[in-house]
């Protein structure tokens, strides 16, 4: 290992007859305790300080990882340089040669351990494999068995997932919180198909994930180790397995030989981590995975994703001047908060251009604090400020407005900065902009703030900006009053989504991370939850319902045992999430999460879509039961979860304000004590009326 400066201690660790040259750092890591006090600071999960022999809590360990390329990189804003070089000697642990899969797993990953009070695991790289194993994985199972036995403390965590969508959703949630890709391993074509809507979500949500699936063996008569040995190997042999999900992936490829295995993984990693980030998919036959190769070195720092890009000077001047001279400037965002430091930069811009409003039309991440006077909250493409604005800056946003419902006035000046401004995965997309730039919004916001602050026009507009700031504060206060007034119980003791969400916000810790999949009630939930800390609101990245079950577990795994995670999910979406797998995994791996089921007794989204197209049609007069979108009689959602957890889960149902006030604190306390909880929140009363005649539909 070659370290770029002399400030780091280097040593060796003997391993086997040949020994493995391995460095170790002795340092200390502390969590930025001031983050809670000043949430506008750029989010720094950890800082490396006090490097020296006395701080023994931090070491460099030998790590096995399916993808090794983010090892030796500490993305703490450059505190530790990311240009460390690894050289891997041949390993003689299991003989002179190792199989390809063993070699893939036996990759040295630099890690440092964290002090117990840190909020999240700062180990970098792929440290978790979410697996659903099958007949294509003998070499992988062998490698895992050997690795776990030989180095149980330094092996990626293998998490068994009975359902593939849950597996990918867990990796998605983990990556969404940490920006660190994890690995999902599934079984040939059928396991790939089992990923289902989770691939759509990871693609639309730009979640970096490495997916690996085996292929049916291509030899029949024992020509190579790994040849066909089972009936199913004929049935699962398909013409081109990659095509099942290729249109959702940033990169797909087949591992045909072991001699360049690390380069293929490296290329996949580069695509996963380069804007626009997303899932990548590798496949390999049993024969290829069983191939014996001589281990070889690879310089890790040469395989990173693309670096961040800034606006050009001309672009900064054009956009900055437009914002400075605007009467009603507006920023529309959707997922800029994925990089937690971007939140701070957008706040700085809003504080510089006083009167600037910020609208979130994606609800994907916490992009702008709800308690800032400029916040307009989450609205899906329809908001009065869009038509009123004279200058609009679209930033990391997929659907800034819906033209059939709302759009900017013709004289408005529109600019677009984005990690993916052309929306390369969308066949039909366009915005009427004066300019569009593929850049890092974090850097762009900072550039714009710096330019505007130095412009002499800023001082000339000081008095006008003061008046606009006061108007902004007044309008925000009025908006908060409206939101508060909407969270009132009904006279009959029932409650709506607004009241429920407000009660949740009061009941959970202030730094709770919310995994949201509330669908038609998302905006109402956001109004009441009012997320204001970076990384505390993560919504499904796409439209594949069922993400939040596994997503919440992945977030919890990344956040650590001391961080409270709350999943808010609709009843229909809860069923999509495969709760039988979700709550078994939660119990097996000790991942307690609070789940709130928004039980409105069916699917509201189809009814809403109907009313937007046929508001006076025949179907508009029918009940939910007659429209076949009702779930009455309601399932026992909490009971389903409790059964999957083997009974080791708090389960409750609240249909009145009184029951909610009594049961919600119990559920929160259960999670605090390490036992997951599911609260079935029956909004607007108890069971809906089921009108169908069972005798006509049975059988």
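A Förster radius of 60 Å combined with the Cβ-Cβ distance from residue 648 to residue 327 puts the calculated FRET efficiency at roughly 0.55.
Any chance you could run the full-extension gain for residue 142 through residue 666? It's 0.36 nm times the residue separation minus the Cα-Cα distance, nm to one decimal.
Computed gain between residue 142 and residue 666 is 184.2 nm.
Percent of C-alpha pairs per 5 Å bin in the range 487-682, short distances first: 1, 8, 16, 21, 21, 16, 9, 5, 2, 1, 0. Computed on the Cα trace of the range 296-396, the radius of gyration divided by the Kirkwood hydrodynamic radius gives Rg/Rh = 1.09. Shape class of the range 313-472 from the Cα gyration tensor (axes a ≥ b ≥ c, square roots of the eigenvalues): rounded, since a/c falls below 1.5.
Rounded, prolate or oblate: which fits the range 349-394 when a ≥ b ≥ c are the square roots of the eigenvalues of the alpha-carbon gyration tensor, with rounded for a/c under 1.5 and prolate only if a/b beats b/c? Oblate.
Could you give the length gained on full extension between residue 609 and residue 237, defined as 0.36 nm per residue of separation minus the Cα-Cα distance, in nm?
This chain segment gains 129.9 nm when fully extended.
Note on the range 576-621 and the range 385-462: Cα centroid distance 33 Å, given to the nearest whole angstrom. Taking all Cα pairs closer than 8 Å and separated by 6 or more residues, the relative contact order of the range 190-348 comes to 26 percent. Taken along the Cα-to-beta-carbon direction at a fixed 7 Å, the label points for residue 193 and residue 229 span 2.6 nm.
Gain on full extension, evaluated as 0.36 nm per residue between residue 423 and residue 310 minus their Cα-Cα distance, stands at 38.8 nm.
Within the range 511-547, name every residue whose backbone N is under 19 Å away from a label modeled 7 Å from Cα of residue 480 along the Cβ vector. Taking a point 7 Å out along Cα→Cβ of residue 480, the residues of the range 511-547 whose backbone N falls under 19 Å are 511-512, 524-534.
Please say if the range 428-521 is rounded, prolate or oblate, where rounded means a/c under 1.5 for a ≥ b ≥ c the square roots of the C-alpha gyration tensor eigenvalues, and otherwise the choice is prolate for a/b larger than b/c and oblate otherwise? Because a/c hits 1.5 or more and a/b exceeds b/c, the range 428-521 counts as prolate. Site pair residue 388 and residue 318 shows an inter-label distance of 2.8 nm when each label is modelled 7 Å from Cα along Cα→Cβ.
Label positions at residue 491 and residue 430, each projected 7 Å from the Cα along the C-beta direction, are separated by 5.4 nm.
Taken together, the values in this text are just the output of simple stated rules run on the coordinates, not laboratory data. Computed from a predicted structure; not experimentally measured. Heads up, the Cβs are rebuilt from the backbone with ideal geometry, glycines too, and the neighbour counts pull from every protein chain shown.
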